[in-house]
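Below is one structure, written out as structure tokens; the observations come after it.
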Amino acid sequence: MINLSLVIELTKRDFTERFAGSVLGFWWSFIWPLVNLFIYLVVFGQLMGARLPGSSNIYSYGVYLSAGLIPWTALAGALARSSAVFLDKRHLITKIRLSLPSLLIYIILSETITFLITLALFLTFLLLTHWPLSRHLLLLPFLYYLQCLLVFGLGLLFATLTVFIRDLREVVGIVLQLWFWFTPIVYVKEILPPLAQRALLLNPAYPLIEAYQRIFVFRDLPALHSLSLLSLAVHLLILVSYAVFRYLERDLRDFL
């Protein structure tokens with residue numbers, strides 16, 4: 001059973017300890033997203049002159065890039081940390097009895113705070129530059145819900161296996177790097193050869209990232225069929241991951 005108070009306490013501690021001892025403290029949680037958005041929107045769009053095919057707006061490529069990088073950063077960051085959470089928190093696991101999957105929840109919640117701050121700054125920029133927004137923004141909570149389920153399912157599986165195969169921690173980092181470049185975030189999928197475009201259907205991050213880009217850049221309705229299939233897939237993934245975890249849980253605690 002999940003200890004909600006423990007999850008909330010771990011989330012607060014995780015977020016505040018990132019900048020503990022620094023002069024600006026909590027303000028760094030706003031400064032870093034501002035710096036990143038400045039790079040995405042101003043450096044690429046205006047200074048480097050990058051353009052989105054079919055659009056003459058100076059901010060179009062920056063918006064396209066931000067719409068993909070903001071959710072990807074949250075996904076990759078949460079997944080990388082989740083894959084080793086049982087090892088990182090073994091001092092806690094061996095001292096108190098707690099639901100191990102709840103450790104993944106606090107990481108997802110902590111990364112969600114950064115995601116929401118960055119998203120709020122991004123929306124503020126769009127409003128200030130009079131970028132047209134769509135009513136499809138109402139689908140963002142659903143997209144992020146699917147994103148969190150994907151992270152939880154993969155994270156629980158990797159966290160369980162990493163206890164027994166320590167090298168898996170490094171493998172996850174490599175996979176995330178390759179996964180990033182296999183997902184159309186800094187480029188449009190149309191530049192890929194037909195075979196690679198068809199292979200994108202095997203990429204679970206693709207329908208998520210494309211949905212964010214459709215909403216923010218093209219003000220279009222996401223591909224609901226793809227999102228429905230993804231929803232089914234991530235729920236099945238969670239069931240499989242939890243079954244693996246339960247099967248190995250006793251040995252897992254002994255290996256820590």
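The values are calculated or read from the model by the stated rules, or taken from the named source; none is laboratory data. Quick caveat: nothing in here was measured; it's all calculated off a predicted structure. Neighbour counts are summed over all protein chains in view; Cβ atoms, including those assigned to glycine, are modelled from backbone coordinates with ideal geometry.
Only one of the listed residues (A50, A74, A84) is more than 24 Å from I174 (Cα to Cα) and either at pLDDT below 90 or out of contact with any strand residue (DSSP E or B) (no Cβ under 8 Å at 6 or more places or on another chain) (or both). That residue is A50. Screening L79, L104, L69, L109 for residues that are at pLDDT 95 or above, in a helix (DSSP H, G or I) and either in contact with a Gly (Cβ under 8 Å, 6 or more places away or on another chain) or crowded, with 18+ Cβ neighbours inside 10 Å (or both) leaves exactly one candidate, L79. Being of a type outside the set (S, T, N, Q), within 17 Å of T162 (Cβ to Cβ), modelled with pLDDT under 95 and surrounded by 12 or more Cβ atoms within 10 Å (Cβ to Cβ) is the requirement here; does L221 meet it? When the stated conditions are applied, L221 does not pass them. So, of the residues in the range 113-154 that are among the hydroxyl-bearing types (S, T, Y) and crowded, with 18+ Cβ neighbours inside 10 Å, which turns out to be farthest from L6 (Cα to Cα)? Ranking the qualifying residues of the range 113-154, first place goes to T118. Taking the range 134-168 as the range and being under 22 Å from L103 (Cα atoms) and among the charged types (D, E, K, R) as the test, the residues that pass are R166, D167. Taking the range 155-216 as the region of interest, none of the helices (runs of 4 or more DSSP H) fully inside it holds 2 or more residues being surrounded by fewer than 11 Cβ atoms within 10 Å (Cβ to Cβ), at pLDDT below 95 and touching a strand residue (DSSP E or B) at 6+ places or on another chain (Cβ under 6 Å). Summed over the range 64-120, the residues that are under 22 Å from I238 (Cα atoms), over 13 Å from the mean Cα position of the chain (by Cα) and small (G, A, S) give a count of 4. Restricting F38, F19, F44 to those that are assigned to a helix (DSSP H, G or I) and modelled with pLDDT under 75 reduces the list to F44. For first residues located in the range 224-237 and surrounded by 12 or more Cβ atoms within 10 Å (Cβ to Cβ), partners that are outside any helix (DSSP H, G or I) and lie 6+ apart or on another chain with Cβ distances below 8 Å form the pairs L230/P204; A233/P204; V234/P204.
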